[in-house]
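Below you'll find the structure, written out as structure tokens, and then a few comments.
Throughout, read-outs are computed from the coordinates displayed, never taken from laboratory work. From a predicted model like this one, the values you see are computed outputs, not experimental measurements. Note that each Cβ is placed from the backbone with ideal geometry, even for glycine, and that neighbours are counted across all protein chains shown.
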Amino acid sequence: MKPGNKERTPNDYYEWIKKFGYLQNHLVFFSDDQNVLNYMASIRTNKKTTLMFVDRRKLIGFRNIEQIKEIFKLPGFGVFPEETGNYNYSAIMHSKHDMVRRAIMLFGNESSYFAWVDIGLFRYASPVEDFELKHSQYIENGRILMSQAFPFKDETIESIIKNARTWISGAMMAGHVDSMLKFCNVYEEFFKKLISMKLIATDEQVIYALYSSQGQKLVIDIPKLSVFQCDYFGLYLLFTPMPTTDKCP
């Protein structure tokens, strides 16, 4: 379970969103709520921002939501309500790579670097001035940068999924445009395989399963990862200094 995990209110999300008003990078922001898009626009005056209204029914997670719902009714599921019981949450988490791919198709070029950032990534940060996520010495072409939440232990896909195992945080990932696009495509392929196997949870379990011994036999040419021990939310500290309680060595 993520630290501080609890039932969230709209005010919580707006407090998290407010911190994106300090971000200087070009932000491509997706939401299916026009009020949220309007608020983001209001706090990013004079900052490069692309607001994308999405019909969630067209996202890969929601195109498969009925299958996810049926899988969550099977024996062994539902023990972990968020990861293996909440089919809407699962569908949202599986759709993020779909949105990354859309952003790349719109704005990517051969010299681009992209990052996926969950809306709650900066929840423990306290920005007081504008900041920029800059190209980091830690980014290697051909690899995706991610943060370790818990140590990796090789298990079967079924064990990882049903026991809601977490290795990598899904809150942020970054890399060269080619690596990011490749990862999104591989993720979609593996997601579909897991659906056919009737084994699904959230994106964090899918990534864990993908890099397990069993998972690597199911998908060819899996992108390599550069994994840093920055817990759930600290990976951004490799790209910018920030007043925060997050840690990232």
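Looking at the range 193-232, which trypsin sites (Lys or Arg not before Pro) are in a loop (DSSP not H, G, I, E or B) and have at most 12 other Cβ atoms within 10 Å? Write out the running numbers ahead of the final one.
Working: sites: K193, K198, K217, K224; in loops: K198, K217.
When the trypsin sites (Lys or Arg not before Pro) of the range 193-232 are filtered for loop state and at most 12 Cβ neighbours within 10 Å, K217 remain.
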| query | How large is ³J(HN,Hα) for each residue in the range 220-234, as worked out from phi by the Karplus curve 6.51 cos²θ - 1.76 cosθ + 1.60 (θ = phi - 60°), to whole Hz, x for Gly and Pro? | reply | 8, 6, 6, x, 7, 10, 10, 10, 10, 8, 10, 6, 6, 10, x
| field | Computed label-point distance, nm, for sites E158 and H26 using a 7 Å Cα→Cβ extension | value | 4.7
| remark: Singleton cysteines, the chain, no second Cys beta-carbon under 4.7 Å -> C184
| query | What fraction of the DSSP beta bridges in the chain is antiparallel, stated in percent and rounded to the nearest 5? | reply | 40
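Calculate, for E189 and N88, the FRET efficiency according to 1/(1 + (r/R0)^6) with r their C-beta to C-beta distance and R0 30 Å; round to the nearest 0.05.
0.80
What size of dipole, in debye to the nearest 20, comes out for the chain about its Cα centre when the only charges are +1 on Lys and Arg C-beta atoms and -1 on Asp and Glu C-beta atoms?
240
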| Stretch gain in nm, segment K69-N109, where the contour uses 0.36 nm per residue and the Cα spacing is subtracted | 10.6 nm
| said: Sort 226-235, 67-76 by packing, meaning the average of other beta carbons within 10 Å per residue, with the highest value first. | reply: 226-235, 67-76
| Under a 5 Å amide H to amide H cut-off, with H placed in plane at 1.01 Å, what residues pair with R123 once short-range neighbours are removed? | none
| query | From a point 7 Å beyond the Cα of K198 in the direction of its Cβ, which residues of the range 58-78 have a backbone N at a distance under 15 Å? | reply | 67-78
| request: Give, in nm to one decimal, the length gained when the segment between N35 and K217 is fully stretched (0.36 nm per residue of separation minus the Cα-Cα distance). | output: 61.1 nm
| task | Over every pair of different alpha-carbon atoms in the range 9-53, take the mean of 1/r and invert it; report that Kirkwood radius in Å. | result | 10.6
| Vicinal HN-Hα couplings computed from phi for the range 118-129 (Karplus, 6.51 cos²θ - 1.76 cosθ + 1.60; Hz; Gly/Pro x) | 4, 4, x, 4, 8, 4, 9, 8, 10, x, 10, 8
| remark: In terms of the charge dipole of the chain, which places +1 on Lys and Arg and -1 on Asp and Glu at the beta carbon, the residue among F150, A91, W16 farthest towards the positive end is A91
| note | Taking Cα atoms, the helix 177-196 axis meets the longest principal axis of the chain at an angle in degrees (rounded to 10) of 30
| For peptides 172-182, 34-44, 15-25, sequence by mean Cβ density within 10 Å, most packed first | 172-182, 15-25, 34-44
